[in-house]
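This report refers to the structure that appears directly beneath it.
Values quoted throughout were computed directly from the atomic coordinates according to the rules given, and no laboratory measurement underlies them. Please read these numbers as outputs of a predicted model, since none were measured by experiment. Heads up, the Cβs are rebuilt from the backbone with ideal geometry, glycines too, and the neighbour counts pull from every protein chain shown.
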Amino acid sequence: MDDYTGTPPNCRPQCTIDSECASNRACLRQKCTDPCPGSCGTGAECLVVNHMAVCTCPQGFTGDPFVNCFLESSRKD
């Protein structure tokens with residue numbers, strides 16, 4: 001079957017838990033995948049650490065990296 005590894009009758013999904021993937025991938029829908037797409041807010045940077053997406057605002061930006069990062073000088077209180 002597509003998306004399975006091994007030879008019949010020992011076929012299995014690519015992964016069932018994160019530890020079966022490289023540390024820069026997560027087990028999503030039984031495949032080792034980059035967890036960043038869709039995890040961070042607008043303008044944020046994403047780095048994968050131990051199977052998890054870590055979102056941060058770039059230098060010179062502020063805000064909630066899971067929602068929106070904006071220039072520090074453009075913030076309105």
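Structure above, values below:
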read-out	value
Taking the convex hull of Cα positions in the stretch 1-43, its mean projected area over all directions (nm²)	3.7
DSSP bridge pairs, the chain: antiparallel proportion in percent, nearest 5	95
Diffusion coefficient, µm² s⁻¹, Stokes-Einstein with Kirkwood Rh over alpha-carbon pairs of the chain at 10 °C and 1.306 mPa s	111
Relative contact order for the chain, counting Cα pairs under 8 Å that sit 6 or more residues apart, in percent	20
Residues Ser19, Ser39, Ser73, sorted so that the one with the fewest Cβ neighbours within 10 Å comes first	Ser73, Ser19, Ser39
